[in-house]
Amino acid sequence: MIRVNNLYKEFDGRDVLKNISIEYKPGECSLIIGASGSGKTVLLKSLVGLHIPEKGEIWYGDKLFTKMKDKEKKSIRKEMGMLFQGSALFDFATVEENIMFPMDFFTDWSLEQKLERANFCLKRVNLENANKKYPNELSGGMQKRVGIARAIALNPKYLFCDEPNSGLDPTTSIVIDRLIQEITQEYNITTVINTHDMNSVMEIGDKIGFIYKGSKLWEGSNKEILHSDCKELNDFVFANKMAQQLRALMNK
Amino acid sequence: MGEYWLLMLKVFQKPEKWRVFFKQCAFEAQKLTLDSIPLISVISIFIGAVAVIQTVNNLDNPFIPKMYVGYMAREILVLEFCSTMVALILAGKIGSNIASEIGSMRITEQIDAMEIMGVNSANYLILPKITSSVILSPFVMLSSFAIGLLGGAAIVFATGAVTMAQYVEGLQFAFKIHYVYYSIAKMAVFTFIITSLASYFGYYAKGGSLGVGRSSTLSIVISSVLILVFDLALTKLLL
């Protein structure tokens, strides 16, 4: 479980996150949603320790992450996997080398064991026969799958996904969403996904936190989001005409 | 300045896995140093040849022995060309390579990915570059020196401006091994400046592809200036 208490983050005197408190549970896909520039990426990067918050606490289980020194954070980081918006696969490495990268550092496995694990992860994300390819030889969807395979290589307890669907077509987006959801449930991972894709919200949003101008304005599930009375959330969810018409029909 | 030293503190830590470190060192040695040898060889041959021609033209006084052509070529090469000039060339070649490679990794979040895995990205990416380049710097300097002398010999052979015996006699005349050590020491310092500064500018690159270009340019400009400043300081100190 991840617990965030009263988190504040500022850049150049401007508050980017204001008093954020939220909990993320294992086996659930928890989504952070909000418009571009609302602070959701800053929140995600604060959770993984890439940004240091000015105030507030982040707990991983019973460990206070925000008060840990860099060396102590390492033990938590070994339990994290992250899928980046642009996949962030290492250009210099093949698909299987990318997946074996964390194993090279944190395990004493033989090459055969590492290859076996890499192949298992690739099979899990339905991407076989791509072992020897370099990231630039893969499509966007394939890169995301390799990113997921790399993120789960060491059986993480926590999985973070930054805009996993950006740049993907709707069909591939759903495939990636379902894959993340399956993996979350299968391995009982605490998954936090940062997105502004409403298809993802409706598909896998077990728990959703809506961020507006750095503050958390609403929290609920995908079943509750369509019936919220939060104006800013409704403006975000029902932004396009089709959604507005759908809402009018629902209200009738 | 403070940011640079903080980065160096992060770089000079015990590698997570020595096997990974040595593998990276071998890879970087090939990419940064051994792949630069052809360029350095070509330039050294021509500079050696030019040094001989210019010396011949300037030593037309019959009272000055012809063997001084070899002596002058050797001194030009060992004292300045094989360390300072070669370092300036390397600042362009490997400096831009390192800054753009690490800068691209920064803006495409590959460095963030390493950090989240718990890998010390600075140590993994930068230490092998600095270590392999500095360790191989005497080899680069000596190669450039030897090839430069061969370039001089080739022009002596082709033009007959002096005899080969005179040229070789000049090369052996008043030879001070200390100058070779001085040149090797300079080369090691310059290589450290090039690799660490280029890594620094790449590691903190911001602002997309323009930022990567800017970091690459800055690394070349600042490395070149520092090479000249340290050339002066080391010459005063060591000679």
What's the number of the only condition in (1) within 26 Å of residue B:111 (Cβ to Cβ); (2) within 15 Å of the chain's Cα centre (by Cα) that residue A:56 fails to meet?
(2)
Condition test on residue B:99, is it more than 14 Å from chain A (Cβ to nearest Cβ), modelled with pLDDT of 95 or more, buried (at least 22 other Cβ atoms within 10 Å of the Cβ) and under 21 Å from the mean Cα position of the chain (by Cα)?
yes
Would you check if there is a residue in segment A:77-87 being modelled with pLDDT under 90, within 14 Å of chain B (Cβ to nearest Cβ), farther than 30 Å from residue A:134 by Cα and assigned to a helix (DSSP H, G or I)?
no
Report yes if residue B:131 is within 30 Å of residue A:49 (Cβ to Cβ) and either more than 14 Å from chain A (Cβ to nearest Cβ) or in contact with a His (Cβ under 6 Å, 6 or more places away or on another chain) (or both), otherwise no.
yes
Which one is nearest to residue A:209 (Cα to Cα), of the residues in segment A:180-199 that are surrounded by fewer than 19 Cβ atoms within 10 Å (Cβ to Cβ) and in contact (Cβ under 8 Å) with a residue 12 or more places away in the chain?
A:198
Subset of segment A:102-113 [under 24 Å from residue A:192 (Cα atoms) and either acidic (Asp, Glu) or at the interface with chain B (Cβ under 9 Å from one of its Cβ atoms) (or both)]:
A:102, A:106
Any idea how many residues of segment A:12-40 are more than 16 Å from the chain's Cα centre (by Cα), free of Cβ contacts under 8 Å to residues at least 24 places away in the same chain and closer than 26 Å to residue A:63 by Cα?
0
Evaluate the following for residue B:148: is it crowded, with 17+ Cβ neighbours inside 10 Å, in contact with a Leu (Cβ under 6 Å, 6 or more places away or on another chain), under 21 Å from residue B:47 (Cα atoms) and of a type in the set (Gly, Ala, Ser)?
yes
Pull up segment A:35-75, narrow it to residues that are outside any loop (DSSP other than H, G, I, E, B) and of a type in the set (Asp, Glu), then point me to the one that is nearest to the other protein chains (Cβ to nearest Cβ).
A:70
With the requirement that a residue be of a type in the set (Val, Ile, Thr) and not in a helix (DSSP H, G or I), what does segment A:210-252 give you?
A:211
Enumeration of residues in segment B:8-37 that are over 25 Å from residue A:106 (Cβ atoms), surrounded by 13 or more Cβ atoms within 10 Å (Cβ to Cβ) and within 14 Å of chain A (Cβ to nearest Cβ)
B:31, B:32
Have a look at B:76, B:64 and point out the one that is part of a helix (DSSP H, G or I), farther than 29 Å from residue B:128 by Cα and either without any contact (Cβ under 8 Å) to a residue 12 or more places away in the chain or among the β-branched types (Val, Ile, Thr) (or both).
B:76
Is it the case that residue A:99 is at pLDDT below 90, within 13 Å of chain B (Cβ to nearest Cβ) and either surrounded by 17 or more Cβ atoms within 10 Å (Cβ to Cβ) or assigned to a loop (DSSP other than H, G, I, E, B) (or both)?
no
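The values are calculated or read from the model by the stated rules, or taken from the named source; none is laboratory data. A quick note: this is a predicted structure, and the numbers were derived from the prediction, not measured. Please note: Cβ atoms are built from the backbone with ideal geometry, for glycine as well, and neighbour counts cover all protein chains shown.
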